[in-house]
Amino acid sequence: MARMTPSEAFVETLVANGVTDCFGIMGSAFMDAMDIFTPAGIRLIPVVHEQGAGHMADGYARVSGRHGVCIAQNGPGITNFVTAIAAAYWAHSPVVCITPETGTNSQGLGGFQEAEQLPFFETITKYQVSVVNNTRMAELTARCFDRAMLENGPTQLNIPRDNFYGDIDCEIPQPIRIERSAGGPESLKEAAELLANAEFPVMVAGGGVVMGDAYEQAIAIAEQLEMPVVSSYLHNDSFPASHRLGTGSLGYQGSKAAMRVISKADVVLALGTRLGPFGTLPQHGMDYWPKDAKIIQVDCNAKMLGLVKKISVGIHGDAKATANALMDLLKDKSPKCLENKEERLKLVAAEKESWETELTEWIHEKDDYSLDMIAEQAEEEGNYLHPRQVLRALEEAMPADVMVSTDIGNINSVANSYLRFERPRSFFAPMSFGNCGYALPTIMGAKVAAPERPAVSYAGDGDGACP
Ligand SMILES: Cc1ncc(C[n+]2csc(CCOP(=O)(O)OP(=O)(O)O)c2C)c(N)n1
């Protein structure tokens, strides 16, 4: 126990959680704590709108696997966070959103910059708490950091502004990081049996492979069974694009090769994915989801198991630990699918090649409106490229190790066909929340966390023609 101010307890707890960067706009609500950010080794990175700070914290967390942290002035500064926190929620990012609030001595009177700040975030955070007693500052700050990691999502630390002040006895808690397990032994055994007897197993590598640092394990289990891999929607970085077993991503404007390959599966290993509804919709005129296949779904959030798609085995496990456990169990078996491996690998290679050829030849859309626009442009001066040609050229020009963010829209979405990666934590799309305005601040946050990596943002301007 040491004697300190609640501001000191707050800042010391940030330091104990490894915080070095915090995004936001300064304000009177938290100046007492902000004054000691610099001596504590924390940068406050200023923005022009708090939504940008929330997205930066999200990008920072997504690329680093560390907490993203944002803070703002009570009232309007906090309401400006809402969209960004909703996006971080659907990206499963451990963002700690710090929301200083009107002081306890005037709450409820309708004073300056007053708002009830917890309800705004109620359904888009994994945990929220208000520091109603200044002696609990360190405990509750620490809990927000612990829960954001435990539950893979944003948490809200609400602090009535007078509670930064005072004199308290305090011990700074050590972070609690809970090791994740592989899942129940019975369900693992059942899954290994299904995989061993499969004739055409296919893996869906989801965001859990990226966030759970299971990239190497995803490659290893795919190679063990010579099992082709599709990435889940907008998780194009969950498996190396150049790998012979990688077929690209499912979902809107995804890879036809991935869709054709998964449509043939008799067993699907959905590793670290909630199999979200939008990402598995029919696409390119194909209803590709294999309705008769046995589905093994692995997710660290038990509530996601069987939520959207019918499953045969649900494993409440961590993508990395589960993949390791399944590989161990499969070692003692003779997987049936290895007998027809040549045939399957030939088919996978042919589907990949066919999709590449189609993409190369697919220079522009052929609907009446697009053809009209093309005819109109032919009369104009200048030398235009079609959006697909630009996306193909951008794909070819991408530096190694690039990080890419996209917005939402026509061309941003078509980009999904052209964005391929060789390492995880490289692709940052607005995921299921689908908000325009995500790409630019998110890639800036990613760049803060990984300044050595080249960063590209496909940031739209809202006119349906991403520049
Ligand atoms: C915050 C928000 N506002 C509005 C929309 C609806 N919307 C979806 S796509 C789009 C147009 C996007 O155009 P642009 O930014 O040029 O991207 P492109 O279509 O070229 O990919 C809009 C306004 C949205 N998704 N998010």
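The values are calculated or read from the model by the stated rules, or taken from the named source; none is laboratory data. Note that the structure is predicted; figures quoted are calculated from it, not measured. Neighbour counts are summed over all protein chains in view; Cβ atoms, including those assigned to glycine, are modelled from backbone coordinates with ideal geometry. What goes into the accessible areas is simple: the full protein's heavy atoms, side chains included, and nothing from ligands, DNA or RNA. Shrake-Rupley method; radii C 1.70, N 1.55, O 1.52, S 1.80 Å.
Based on alpha carbons, the Rg and Dmax found for the stretch 243-380 are 19.1, 68 Å.
Ranked by solvent-accessible area (1.4 Å probe, protein heavy atoms only, all chains present), the residues Met1, Met373 order from largest to smallest as Met1, Met373.
P(r) for the chain, from all Cα pairs and a bin width of 10 Å, is 4, 20, 27, 22, 16, 8, 2, 0 %, short bins first.
Using a 1.4 Å probe over the heavy atoms of the protein chains, calculate the carbon and sulfur portion of the accessible area of the stretch 362-458 as a whole percent. Display every interim value, and only then the final one.
Working: 2800 of 4900 Å².
Its accessible area is 57 percent carbon and sulfur atoms.
Here's the picture: charge each Lys and Arg Cβ at +1 and each Asp and Glu Cβ at -1 in the chain, and of Ala192, Val261, Gly276 the one pushed furthest to the positive end of that dipole is Ala192.
Sorting Trp289, Trp362 on solvent-accessible area from highest to lowest, probe radius 1.4 Å, gives Trp362, Trp289. Hey, got a sec? Which GluC sites (Glu not before Pro) in the stretch 339-446 land in a DSSP loop and have at most 16 other Cβ atoms within 10 Å? Here the GluC sites (Glu not before Pro) that fit, given the DSSP loop and packing criteria, are Glu339, Glu365, Glu379, Glu380, Glu381, Glu422. Angle of helix 137-150 to the longest C-alpha principal axis of the chain, folded into 0 to 90 degrees and rounded to 10: 0°. Accessible surface for Met56 stands near 10 Å², nearest 10, in the context of the full protein assembly shown (1.4 Å probe). Summed over qualifying helices (DSSP H, 4 residues or more, each -39500 (n - 2.57)) and divided by its residue number, the chain shows a 222 nm mean residue ellipticity of -10500 deg cm²/dmol. What the phi angles of the stretch 400-414 give under the Karplus curve with 6.51, -1.76 and 1.60, with θ = phi - 60°, is a coupling list of 4, 6, 5, 10, 10, 10, 10, 9, 10, x, 5, 7, 4, 6, 4 Hz, glycine and proline written as x.
Which of the GluC sites (Glu not before Pro) found in the stretch 156-249 are in a DSSP loop and have at most 16 neighbouring Cβ atoms, other than their own, within 10 Å?
Answer in residue order: Glu171, Glu179, Glu199.
I'd like the accessible area for Thr360, computed on protein heavy atoms only with a 1.4 Å probe and all protein chains in place. Round to 10 Å², please. We get 90 Å² for Thr360. Note on the chain: dipole from Cβ charges, positive end direction compared against Leu118, Pro94, Val414; the farthest Cα belongs to Pro94. Solvent-accessible surface of the chain, averaged per residue with a 1.4 angstrom probe and all protein chains in place: 43 square angstrom.
Between the Cα long axis of helix 368-378 and the first principal axis of the chain there is an angle of about 80°, rounded to the nearest 10.
Rg/Rh, computed from the Cα trace of the stretch 362-458 with Rh as the Kirkwood radius, has the value 1.04. Here's how it looks for Glu101: its modeled amide H is under 5 Å from those of Ile159, Arg161, which are all 5 or more places away or on a different chain. If you look at the Cα atoms of the stretch 2-170, you get an Rg and a Dmax of 14.3, 42 Å. Lys331 sits with roughly 140 Å² accessible to a 1.4 Å probe, with DNA, RNA and ligands left out of the calculation. Element breakdown for the stretch 2-170 at a 1.4 angstrom probe: carbon and sulfur atoms account for 53% of the accessible area.
Of Arg244, Arg66, Arg260, which has the most accessible area and how do the rest follow, probe 1.4 Å?
Of Arg244, Arg66, Arg260, the descending order of accessible area is Arg244, Arg66, Arg260.
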